[in-house]
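**Q** Starting off with a structure, shown below.
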Amino acid sequence: MLQSIVHVCLAGLSIGMFIWLVASGLTLIFGVLKVLNFAHGTFYMLGAYLCYWILGRMGENFWLGLIIGPLVVCAVGFVIERFFLRHVYHLALPYQLLLTFAFVLIFDDAVKILWGAGSLGSPSVPGLSGSISILGRNFPTYSLFIIAVGPFVAIAMWAFLEKTWWGKIIRASSSDRDMAAALGARVPALFTAVFVIGTWLGALGGGLAVPYVGLLTPGMGEAIIIDAFVVAVIGGLGSLKGAFFGALIIGLLSSFGTRFIPTFDMFLTFILMAAVLLWRPQGFFGEAK
Amino acid sequence: MRRYALPILACLLLAVLVLVGILGSRFTVYITMRVMILAIFALGYNLLLGRTGLLSFGHAAFYAGGSYGAALFFIHVHRHPVLCIAAGIVLAIVLSVIIGFFCVRHTEIYFAMLTLAFGMMVFSLIWNLREITGGDDGLVGIARAPISLWLISIPLAKPAHYYFLVLAFFLISVGLVYAIRQSPLGLILSGIRENDKRIEFAGISLKNYRLAAFVISGGFAGLAGALGTFLNSNTTPFSAHWTHSAEPVLVSLIGGIQTFLGPVAGSLIYIVLREIIERFTQNWMLWFGIILLIIIMGFRGGIVGSIAATLGFKSRPAAQNEGLPA
Amino acid sequence: MSRLILETRALRKAFGRVLVANGLDLALEEGVITSVIGPNGAGKSTLINMLSGLIAPDSGDIFFLGQQITRLPIHRRVKMGLCRSFQVVNVFPELTAFENIEIPVLAAHGRAARLLSPLRGETVAREEAGAILSRVGLSHAADSKANALSHGDQRLLEIGIALGARPRLLFLDEPTAGMNPVERIKILEGIKRISTEGKTTFVIVEHDMDVVFSLSDRIIVLHHGDIIADGTKDDIRSSSKVREVYLGDEVEE
């Protein structure tokens with residue numbers, strides 16, 4: 001029994017940390033730019049496919065793929081922000097959302113063109129493949145890796161935002177854009193930088209997903225964006241702390257659900273979201289309206 | 001002369017539609033029905049998007065509600081097409097009241113996200129409840145039984161016959177949407193779009209009126225879904241997927257979200273364009289993504305908006321080219 | 001004429017450590033034009049925001065026409081007759097001036113929810129909207145979009161929208177801000193005229209002492225969340241506390 005619970009918890013933690021990795025970029029972009037990037041799931045997917053491709057072409061080196069893949073996606077993100085998104089900030093919100101959605105359409109098909117519409121099997125990573133025995137049952141090593149990476153990224157982001165000069169500027173710009181500009185921050189460049197960083201995080205999540213998800217499909221971006229949205233609502237839109245803990249909760253809930261109430265496990269997530277919306281609409285860590 | 005532009009256009013449209021039904025080839029009839037059904041979906045949806053200023057990514061759930069509602073009624077209760085359609089609309093409305101209740105109390109971004117999430121929840125429901133919904137196979141065999149009026153029995157089995165039922169619903173929808181746009185409620189919804197913070201101070205409950213717009217558009221989505229079920233004789237869970245939710249958005253934008261007939265024009269363009277693109281490539285999404293990009297970057301008035309502006313139509317107060325606060 | 005239209009008891013509000021309303025007790029009489037003045041940061045806007053329902057007080061009660069409204073949503077207060085205008089112009093930009101006023105009038109008549117009958121048929125409401133439009137002097141701009149109006153006209157429209165809801169108590173938040181002298185006089189006279197009609201009681205937040213002294217029957221002075229003076233023009237002019245607070249801040253008239 002204990003073994004079951006521990007394993008379910010660990011599974012939940014790994015799912016949660018995985019979602020956190022993806023949601024962190026979305027939250028960062030929203031927190032600073034106030035733009036909800038529908039294309040974030042697409043960046044995740046691009047990161048995964050690129051990493052996979054590099055893995056295949058450049059000699060089975062996962063780590064290389066993890067470095068190069070997200071950088072390439074960053075370039076895409078840069079182009080999107082600098083040449084398109086920047087010109088629609090002054091428009092009503094729906095237009096910004098629809099712009100990012102246009103890129104979802106474009107890249108979803110681009111992936112299909114480049115890699116086909118079918119699914120690709122995910123390879124395993126030497127050194128992190130296989131499993132470790134915990135309390136008598138095997139648990140995938142890679143999942144443990146994810147559980148470790150999650151908090152690492154969280155702490156790195158916290159340190160960056162709280163302790164570095166750049167981080168302070170970013171936080172200032174997100175709470176008062178005009179003031180930050182008056183103080184000398186080059187806000188447009190800053191926004192581009194934040195968007196690129198957020199994109200990088202999403203793509204990194206995608207790269208890390210390659211050995212984790214089992215199958216790469218062109219629909220993987222959509223699946224993960226819903227999870228990221230739910231996490232953002234529960235944690236509080238724009239709050240990184242909220243995204244971290246929200247992801248943990250969702251991961252654990254999902255894991256317990258799958259184990260104990262199979263058919264309806266996804267509803268637990270939605271029910272939680274509905275409950276949060278009713279009783280604490282700004283999320284656990286969001287700013288009250 | 002310009003005052004009569006809209007009525008003249010409407011009559012022309014009606015004449016063309018009737019002629020297609022009588023003289024059109026099987027393919028033309030089929031395509032036109034698809035256009036009309038999508039137009040019904042988009043006309044209702046645009047009351048929410050263009051009029052009220054709310055972007056929902058979950059309306060496919062209500063389309064699916066209408067679709068599955070009609071199918072389930074057909075299978076378990078009665079085969080009369082109009083009753084089935086009514087049942088579909090009722091289910092769609094119930095769903096939109098429930099989902100709308102959670103969503104309308106939130107600001108734009110949360111609203112968009114929540115509608116997306118709840119919409120996908122409906123998709124998952126449909127996918128997983130195999131025994132009821134047929135899962136990924138959907139429900140099949142939804143035939144078009146004849147409608148009996150007193151002593152006359154109107155057969156609908158032939159597409160050309162069903163066409164006129166669809167046309168009738170299309171005309172009713174166009175009329176209803178027109179009436180709503182011209183009504184006090186229509187003005188209030190414009191007010192919400194223009195300044196949702198001020199509207200409460202004008203004595204309007206923001207939540208209630210947003211919900212009204214949400215449910216009305218959900219009802220039209222349900223009608224479209226039900227008509228779609230009888231068109232194809234089956235249902236599919238993908239009708240609830242969020243990418244299907246994007247269709248009325250895209251279509252309204254192409255046509256012009258601040259115009260009355262924009263969604264209709266957009267539906268025609270979308271379906272025709274898609275047919276053409278799909279002859280050459282599977283990747284129609286890529287092309288529509290590009291079109292959407294172009295529209296947002298430079299042509300937010302859409303086709304109808306741009307044509308109207310070119311022809312020098314002076315904006316009727318609070319009619320064309322308002323744009324969402326641009 | 002001395003019926004109490006609004007009462008507050010121990011109204012309190014703090015933003016973090018800043019106390020903007022320190023147990024305010026207010027009693028406003030119907031028909032008495034009241035001005036609320038005070039240096040910046042005195043809590044005037046917060047008071048209006050609490051009374052109109054935009055923000056909730058931390059503690060205390062608000063009574064309107066004898067009824068408890070402390071937690072009542074904004075649109076319900078408006079329906080009861082408690083309205084406000086805004087300091088920053090807050091109109092419906094792409095709608096015409098006429099439509100801007102038509103909206104609250106329709107709501108006040110209970111006709112806002114009609115969805116199948118045409119607007120053109122709402123003659124009663126439309127006549128009233130037209131009347132209000134001419135009251136604020138904007139009949140000439142009836143079919144112009146609100147965002148195409150001059151700043152002064154937009155401020156007039158702002159007040160017109162507030163009037164559209166048939167307020168029994170109307171808070172005007174700096175109604176003459178940014179207006180030239182001619183426009184200012186127009187507003188003053190408009191307020192005086194409407195006040196004498198007896199259906200609307202005005203409470204005005206103002207910085208301009210000309211306006212305050214020429215218009216008000218009663219003046220309330222706020223400072224750091226407290227009422228430091230409350231009375232007629234002469235009371236206020238002769239109050240040493242008020243002088244102290246305003247020394248260097250405003251020119252006294």
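**Q** Out of (1) of a type in the set (Ser, Thr, Tyr); (2) away from chain A (no Cβ under 12 Å); (3) buried (at least 22 other Cβ atoms within 10 Å of the Cβ), the odd one out for B:Ser252 is which?
**A** B:Ser252 satisfies all of (1) of a type in the set (Ser, Thr, Tyr); (2) away from chain A (no Cβ under 12 Å); (3) buried (at least 22 other Cβ atoms within 10 Å of the Cβ) except (2).
**Q** For segment A:105-120, check the following and say yes or no: at least one residue is closer than 20 Å to A:Pro218 by Cα, in contact (Cβ under 8 Å) with a residue 40 or more places away in the chain, away from chain B (no Cβ under 14 Å) and in contact with a Leu (Cβ under 6 Å, 6 or more places away or on another chain).
**A** Among the residues of segment A:105-120, at least one is closer than 20 Å to A:Pro218 by Cα, in contact (Cβ under 8 Å) with a residue 40 or more places away in the chain, away from chain B (no Cβ under 14 Å) and in contact with a Leu (Cβ under 6 Å, 6 or more places away or on another chain), which makes the answer yes.
**Q** Among the listed residues B:Ile99, B:Ile188, B:Ile152, B:Ile132, which satisfies the condition of being more than 24 Å from A:Pro281 (Cα to Cα) and surrounded by 23 or more Cβ atoms within 10 Å (Cβ to Cβ)? Even if it seems obvious, please write down each step before you answer.
**A** Values: B:Ile99 fails: more than 24 Å from A:Pro281 (Cα to Cα); B:Ile152 fails: surrounded by 23 or more Cβ atoms within 10 Å (Cβ to Cβ); B:Ile132 fails: surrounded by 23 or more Cβ atoms within 10 Å (Cβ to Cβ).
Unique residue meeting the criteria: B:Ile188.
**Q** Check C:Arg166 against each of (1) within 13 Å of chain B (Cβ to nearest Cβ); (2) surrounded by fewer than 16 Cβ atoms within 10 Å (Cβ to Cβ) and name the one condition it does not meet.
**A** (2)
**Q** Please work out which residue is nearest to A:Met17 (Cα to Cα), limiting yourself to segment A:110-153 and to residues that are of a type in the set (Ser, Thr, Tyr) and under 24 Å from the mean Cα position of the chain (by Cα).
**A** The initial filter retains those residues of segment A:110-153 that are of a type in the set (Ser, Thr, Tyr), namely A:119, A:122, A:124, A:129, A:131, A:133, A:141-143.
If we keep only those that are under 24 Å from the mean Cα position of the chain (by Cα) as well, we get A:119, A:122, A:124, A:129, A:141-143.
On the way: A:Ser119: 24, A:Ser122: 19, A:Ser124: 19, A:Ser129: 18, A:Thr141: 14, A:Tyr142: 12, A:Ser143: 9 Å.
Among residues in segment A:110-153 that are of a type in the set (Ser, Thr, Tyr) and under 24 Å from the mean Cα position of the chain (by Cα), the one nearest to A:Met17 (Cα to Cα) is A:Ser143.
**Q** OK, next. For segment A:64-84, enumerate the residues that are surrounded by 23 or more Cβ atoms within 10 Å (Cβ to Cβ) and within 12 Å of chain B (Cβ to nearest Cβ).
**A** Matches in segment A:64-84: A:Ile80 only.
**Q** Just checking, how many residues over segment C:37-76 are in contact (Cβ under 8 Å) with a residue 60 or more places away in the chain and aromatic (Phe, Trp, Tyr)?
**A** Looking only at that region, the number is 1.
**Q** I'd like the full set of residues that are among the basic types (Lys, Arg) and facing another protein chain (nearest Cβ under 7 Å), limited to segment C:72-114. Break it down into steps so the answer makes sense when it comes.
**A** Of all residues in segment C:72-114, those among the basic types (Lys, Arg) come to C:76-77, C:79, C:84, C:111, C:114.
Result: C:Lys79, C:Arg84, C:Arg111, C:Arg114.
**Q** Another question about this same structure. Which number in (1) surrounded by fewer than 20 Cβ atoms within 10 Å (Cβ to Cβ); (2) in contact with a Gly (Cβ under 9 Å, 6 or more places away or on another chain) marks the one condition that B:Ala5 misses?
**A** Only one criterion in (1) surrounded by fewer than 20 Cβ atoms within 10 Å (Cβ to Cβ); (2) in contact with a Gly (Cβ under 9 Å, 6 or more places away or on another chain) is unmet by B:Ala5, namely (2).
**Q** So, C:Val136, is that one modelled with pLDDT of 85 or more, over 25 Å from C:Asp25 (Cβ atoms) and out of contact with any Ser or Thr (no Cβ under 7 Å at 6 or more places or on another chain) or not?
**A** Taking the combined requirement at face value, the residue satisfies it.
**Q** Given (1) closer than 30 Å to A:Ile68 by Cα; (2) surrounded by fewer than 21 Cβ atoms within 10 Å (Cβ to Cβ); (3) in contact with a helix residue (DSSP H, G or I) (Cβ under 7 Å, 6 or more places away or on another chain), identify the lone condition not met by A:Phe270.
**A** It fails just one condition, (1).
**Q** Same structure, new question: Scan (1) at the interface with chain B (Cβ under 9 Å from one of its Cβ atoms); (2) without any contact (Cβ under 8 Å) to a residue 60 or more places away in the chain for the single condition C:Gly16 breaks and write down its number.
**A** (1)
Table: residues versus (1) touching a helix residue (DSSP H, G or I) at 6+ places or on another chain (Cβ under 6 Å); (2) more than 13 Å from chain B (Cβ to nearest Cβ); (3) over 26 Å from A:Gly167 (Cβ atoms).
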site: A:Val213; (1), (2), (3): no, yes, yes
site: A:Thr217; (1), (2), (3): no, yes, yes
site: A:Ala223; (1), (2), (3): no, no, yes
site: A:Ala228; (1), (2), (3): yes, no, no
site: A:Gly238; (1), (2), (3): yes, no, no
site: A:Arg280; (1), (2), (3): no, no, yes
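**Q** Can you tell me which residues in segment A:188-204 are modelled with pLDDT under 90, more than 10 Å from A:Val32 (Cα to Cα) and of a type in the set (Phe, Trp, Tyr)?
**A** none
**Q** I need the full set of residues from segment B:72-112 which are without any contact (Cβ under 8 Å) to a residue 40 or more places away in the chain, assigned to a helix (DSSP H, G or I) and within 8 Å of chain A (Cβ to nearest Cβ), in order please.
**A** If the condition is that a residue be without any contact (Cβ under 8 Å) to a residue 40 or more places away in the chain, assigned to a helix (DSSP H, G or I) and within 8 Å of chain A (Cβ to nearest Cβ), then B:Phe102, B:Ile109, B:Tyr110 are the ones that fit.
**Q** Can you name the condition, by its number, that A:Val213 falls short on among (1) assigned to a helix (DSSP H, G or I); (2) surrounded by 13 or more Cβ atoms within 10 Å (Cβ to Cβ)?
**A** (1)
**Q** Hey, among C:Ser150, C:Ser134, C:Ser117, which residue is out of contact with any helix residue (DSSP H, G or I) (no Cβ under 6 Å at 6 or more places or on another chain), without any contact (Cβ under 8 Å) to a residue 60 or more places away in the chain and within 14 Å of chain B (Cβ to nearest Cβ)?
**A** Result of the check over C:Ser150, C:Ser134, C:Ser117: C:Ser117.
The values are calculated or read from the model by the stated rules, or taken from the named source; none is laboratory data. Being a predicted model, the structure only gives us computed values, none of them experimental. Don't worry about glycine lacking a Cβ; one is built from the backbone with ideal geometry, like all the others, and counts go over all protein chains shown.
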